[in-house]
Amino acid sequence: MKLRTKLIIVFTAVMILPTIFTSVAMHTFAPERVNEIQQVYLTAVFLTTALLIYWIYRSISVPLAKLQKAARNIREGNLDFEIRQETDDEIGQLCQDFEEMRLRLKANAEEKVAYDRENKELISNISHDLKTPITAIKGYVEGIMDGVADTPEKMDRYIKTIYNKANEMDLLINELTLYSKIDTNRIPYNFATISAKDYFEDCAEDLHMELEAKGVEFAYRNWMEEDCKVIVDPEQLRRVINNIVSNSLKYVDKPQTRITMEIKDVGDFVQVEMGDNGKGIAAKDLPYIFDRFYRTDASRNSSKGGSGIGLSIVKKIVEEHGGNIWAASEEGTGTTMYFVIRKYQEVPIDE
Ligand SMILES: Nc1ncnc2c1ncn2[C@@H]1O[C@H](COP(=O)(O)OP(=O)(O)O)[C@@H](O)[C@H]1O
Ligand SMILES: [Mg+2]
């Protein structure tokens, strides 16, 4: 019952009851007993008023005490409690609003904790990944300074290693810069409406040349119709494909690497499937490979460098194209990456 209704009931009861009682008493009893009856009546009115006021007081004070306790909890940073809405009056509504505010604050606090933890992880990962090549570079430079590289061949090997390690660092910093740009939406996308068939045809041609030079078998199929168009940033989408292919080349364990690329029409989307015959990804790792800095234990323990950023960049770019990316893999057999990008659909203009 609304607080206003309750107050109207109290007011009406207190105003009307004496009038009714007095008129009933005047008509029923002898005039000399009226005084006595009025006394009883006054006591009754007093009791009724007191009871009604107590009723109102309870309906306000109990939830108010709860709200007060809740406010104190929030002030002290404790958000793990619940304010139940027990009545459907204004105070009950206030309790409900308070509960919603508590839930919102709790969600924000949890988000902040997760964000802080991610940031700490990010810093520790970056420091770790940069420290590894720097330690190696320092070691080799000290070797040269101490005269350990005493033959031209040794010197050559040392310098090549230093160069490779510096390149590794360069790559990592570039990936990090790109990731941070993508993460904060500072990367300008140059979208263009192009034919899906032609675009992937060009990609495949480039890939074919690159992979052939590396002795990799490359199979390619394009099922798209000529007139199907997609809105893409050609450069960024190339980055997606290059990243996936570089993983396939990196995580291969067979003497002959085989990479496949298939482009399919799946209704509103164009689906790209990139397969390899590499070592595969364990089912327990598969849901996480697109997370920032996630690397499987197997790849962490291998000598192959990497930061675990590549696929998170890939995912971001695909999502910016209104698409989605996922993977299927079998350990020992290989991995297939699937991604879809939305087709461009011409909206007919009404005359
Ligand atoms: N084609 C693949 N075959 C096997 N494992 C892969 C493949 N692609 C990705 N992975 C796994 O997913 C992880 C994340 O990939 P990525 O984000 O590109 O990071 P990075 O290559 O720097 O380790 C890799 O460390 C690897 O364990
Ligand atoms: Mg990678």
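Considering Leu103, Leu176, the condition of being out of contact with any His (no Cβ under 7 Å at 6 or more places or on another chain) and surrounded by 15 or more Cβ atoms within 10 Å (Cβ to Cβ) is satisfied by Leu176 alone. When Ile137, Ile231, Ile244, Ile182 are checked against the criterion of being more than 30 Å from Gly280 (Cβ to Cβ) and either in contact with a helix residue (DSSP H, G or I) (Cβ under 7 Å, 6 or more places away or on another chain) or hydroxyl-bearing (Ser, Thr, Tyr) (or both), a single residue qualifies: Ile137.
Of the residues making up the range 223-243, those that are in contact (Cβ under 8 Å) with a residue 40 or more places away in the chain and open to solvent by 30 Å² or more (accessible area, probe 1.4 Å) are Trp223, Glu225, Lys229, Ile231, Pro234, Glu235, Arg239. When Ile241, Ile182, Ile173 are checked against the criterion of being in contact with a Phe, Trp or Tyr (Cβ under 9 Å, 6 or more places away or on another chain), of a type in the set (Val, Ile, Thr) and not in a loop (DSSP other than H, G, I, E, B), Ile241 stands alone in meeting it.
Quick check, is Val270 buried (at least 20 other Cβ atoms within 10 Å of the Cβ) and more than 16 Å from ligand 2 (Cβ to nearest atom)?
Yes.
Among Asp97, Asp89, Asp116, which is modelled with pLDDT of 90 or more and acidic (Asp, Glu)? Result: Asp97 is the single residue among Asp97, Asp89, Asp116 that is modelled with pLDDT of 90 or more and acidic (Asp, Glu).
In this structure, does Asp265 turn out to be farther than 23 Å from Ile123 by Cα, of a type outside the set (Lys, Arg) and within 14 Å of ligand 2 (Cβ to nearest atom)? So Asp265 fails the test.
Condition check: of a type outside the set (A, V, I, L, M, F, W, C), in a helix (DSSP H, G or I) and either assigned by TED's automatic domain parsing to the domain that holds Asn174 or out of contact with any His (no Cβ under 7 Å at 6 or more places or on another chain) (or both). Does Glu86 satisfy that? So Glu86 fails the test. Checked against the criterion of being open to solvent by 50 Å² or more (accessible area, probe 1.4 Å), of a type in the set (Phe, Trp, Tyr) and under 14 Å from Lys2 (Cα atoms), the range 41-50 has no qualifying residue.
To keep it simple, each residue is scored yes or no on (1) among the acidic types (Asp, Glu); (2) away from ligand 1 (no atom under 11 Å from the Cβ); (3) not assigned by TED's automatic domain parsing to the domain that holds Val240.
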position	(1), (2), (3)
Arg258	no, yes, no
Lys264	no, yes, no
Phe269	no, yes, no
Val272	no, yes, no
Ala282	no, no, no
Val314	no, no, no
Glu330	yes, no, no
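From the list Asp291, Asp276, Asp297, Asp253, the lone residue that is open to solvent by 30 Å² or more (accessible area, probe 1.4 Å), within 12 Å of ligand 1 (Cβ to nearest atom) and modelled with pLDDT of 95 or more is Asp276. Residue pairs whose Cβ atoms lie under 6 Å apart, separated by 6 or more positions or on different chains, with the first residue in the range 269-285 and within 22 Å of Glu217 (Cβ to Cβ) and the second open to solvent by 10 Å² or more (accessible area, probe 1.4 Å) and assigned to a loop (DSSP other than H, G, I, E, B), are Asn277/Lys254; Gly278/Tyr251; Gly278/Val252; Lys279/Tyr251; Lys279/Asp253; Gly280/Glu331; Gly280/Gly332; Gly280/Thr333. Condition check for Asp150 on (1) in a loop (DSSP other than H, G, I, E, B); (2) within 16 Å of ligand 2 (Cβ to nearest atom): one failure, at (2).
The values are calculated or read from the model by the stated rules, or taken from the named source; none is laboratory data. Since the structure is predicted, the reported quantities are computational estimates derived from the model, not experimental observations. Ideal geometry is used to build each Cβ from the backbone, glycine not excepted, and the neighbour counts take in all protein chains shown. Note: accessible area is taken over every heavy atom of the protein model, side chains too, but ligands, DNA and RNA are not part of it. Shrake-Rupley method; radii C 1.70, N 1.55, O 1.52, S 1.80 Å.
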